[in-house]
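Chemist: One structure is given below, represented as structure tokens, and several questions about it will come after.
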Amino acid sequence: MINRLKILYELQKIDDQLDELEELRGDLPKTVEDLETEIDEIKNTISEKELQRKESMGKRKKNESQIEIATESQKKFKAQLYKVRNNKEYDALTKEIDHTEELVKKHEAENNELADLSKTLADEIDEIKPKLDELSDEIKKKKDDLKVIIKANEKEEAKLNTQRKKLESQIKKGDLSAYMRIRKAKKGKAVATIKRSACSGCHNIVPSQRQLELRQNNRLFYCEYCGRILVSAEISESVAV
């Protein structure tokens, strides 16, 4: 049991050192992540607007084709007016001429709206792109700064991670699960020691009877206030990491 407690405390000490290395990076990882998200959003916005422009241009081209067809039909109908033999034929032709005229006006009006939309989208894209360039430059600098920090500590971090992996393989699945759950809930600190009769994690006094039981090192104890795993001074003093 003592070995079981020692391994948990050793794991906490290694995680403390890894957390310190992580802190050296400051808010750079979060800043890079936020910048990446913002850049992706801007790229998606530009892509959507470019797709709208493309669709607009395709629709305009289709309308122009329809205008050309309607105009040609209108010319034929007008030419046929001189060959009509009765009012019925004349009325039918004028009806077709009016219909093609309406089609031409409809497609031209729609194309004017599409042209305005296309220009608006182009202007919006031109307005957004400088921001994208600015963010791209910024994230490059932040990533370079982060790489420098990571590079400076990569050997130490690799060594600690190797030690951590080795310890993890020696810990019972239930103990590791509890450790990780508490570590997540308590901002990294899952294992606490007794200092001046108090839990080193939450600083609440540990009852004397519980302290006596802890010194026996024969089972896992949890702080009744903060829920951290408690280990005796004997365990903490025997571990040098």
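The values are calculated or read from the model by the stated rules, or taken from the named source; none is laboratory data. Everything numeric in this text was worked out from a predicted model, so none of it was measured. A quick note on method: Cβ atoms are made from the backbone with ideal geometry, for glycine too, and the neighbour counts reach across all protein chains shown.
Chemist: Quick check on my filter: what residues within region 73-88 are of a type outside the set (Ser, Thr, Tyr), assigned to a helix (DSSP H, G or I) and out of contact with any helix residue (DSSP H, G or I) (no Cβ under 8 Å at 6 or more places or on another chain)? Talk me through it step by step, then tell me what you get.
Modeler: From region 73-88, those of a type outside the set (Ser, Thr, Tyr) are 74-81, 83-88; that's our starting set.
After this cut, where a residue has to be assigned to a helix (DSSP H, G or I) as well, the list is 74-81, 83, 87-88.
The answer is 75, 76, 79, 83, 87, 88.
Chemist: Considering every residue within region 221-237, establish whether at least one is in a helix (DSSP H, G or I), exposed (fewer than 13 other Cβ atoms within 10 Å of the Cβ) and either in contact with a helix residue (DSSP H, G or I) (Cβ under 9 Å, 6 or more places away or on another chain) or of a type in the set (A, V, I, L, M) (or both).
Modeler: Step one: list which residues in region 221-237 are in a helix (DSSP H, G or I), which gives 233-237.
Next cut, exposed (fewer than 13 other Cβ atoms within 10 Å of the Cβ) only: 237.
Restricting the remaining residues to those that are either in contact with a helix residue (DSSP H, G or I) (Cβ under 9 Å, 6 or more places away or on another chain) or of a type in the set (A, V, I, L, M) (or both) gives none.
Looking through region 221-237, none of the residues is in a helix (DSSP H, G or I), exposed (fewer than 13 other Cβ atoms within 10 Å of the Cβ) and either in contact with a helix residue (DSSP H, G or I) (Cβ under 9 Å, 6 or more places away or on another chain) or of a type in the set (A, V, I, L, M) (or both).
Listed here are the residues, each with its yes/no results for (1) part of a helix (DSSP H, G or I); (2) in contact with a Leu (Cβ under 9 Å, 6 or more places away or on another chain); (3) free of Cβ contacts under 8 Å to residues at least 12 places away in the same chain.
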{"residue": "44", "(1), (2), (3)": "yes, no, yes"}
{"residue": "52", "(1), (2), (3)": "yes, yes, no"}
{"residue": "57", "(1), (2), (3)": "yes, yes, no"}
{"residue": "67", "(1), (2), (3)": "yes, yes, no"}
{"residue": "92", "(1), (2), (3)": "yes, no, yes"}
{"residue": "108", "(1), (2), (3)": "yes, no, no"}
{"residue": "121", "(1), (2), (3)": "yes, no, no"}
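Chemist: Something else: Would a scan of region 20-35 turn up a residue that is among the polar types (S, T, N, Q), under 30 Å from residue 219 (Cβ atoms), in a helix (DSSP H, G or I) and at pLDDT 95 or above? Working first, answer last.
Modeler: Step one: filter region 20-35 for residues among the polar types (S, T, N, Q), giving 31.
Of the ones still in play, those that are also under 30 Å from residue 219 (Cβ atoms) are none.
No - not one qualifying residue is present in region 20-35.
Chemist: Mind checking whether some residue in region 207-214 is surrounded by 20 or more Cβ atoms within 10 Å (Cβ to Cβ) and closer than 21 Å to residue 168 by Cβ?
Modeler: Among the residues of region 207-214, not one is surrounded by 20 or more Cβ atoms within 10 Å (Cβ to Cβ) and closer than 21 Å to residue 168 by Cβ, which makes the answer no.
Chemist: Any residue at all in region 32-39 that is loosely packed, with under 13 Cβ neighbours inside 10 Å and farther than 30 Å from residue 160 by Cα?
Modeler: yes
Chemist: Moving on. I need the full set of residues from region 162-176 which are more than 13 Å from residue 10 (Cβ to Cβ) and in contact (Cβ under 8 Å) with a residue 60 or more places away in the chain, in order please.
Modeler: Within region 162-176, just 172 meets the criteria.
Chemist: Quick check on region 198-205. Is at least one of its residues within 14 Å of residue 11 (Cα to Cα) and not assigned by TED's automatic domain parsing to the domain that holds residue 57?
Modeler: Applying the first criterion (within 14 Å of residue 11 (Cα to Cα)) to region 198-205 yields none.
No - not one qualifying residue is present in region 198-205.
Chemist: State all residues of region 189-205 that are surrounded by 15 or more Cβ atoms within 10 Å (Cβ to Cβ) and under 18 Å from residue 5 (Cα atoms); if no residue qualifies, say none.
Modeler: 189, 190, 191, 192, 193, 194, 199, 200, 201
Chemist: Just checking, does region 149-158 include any residue being on the phi < 0 side of the Ramachandran plot, in contact with a Lys or Arg (Cβ under 7 Å, 6 or more places away or on another chain), assigned to a helix (DSSP H, G or I) and not small (Gly, Ala, Ser)?
Modeler: yes
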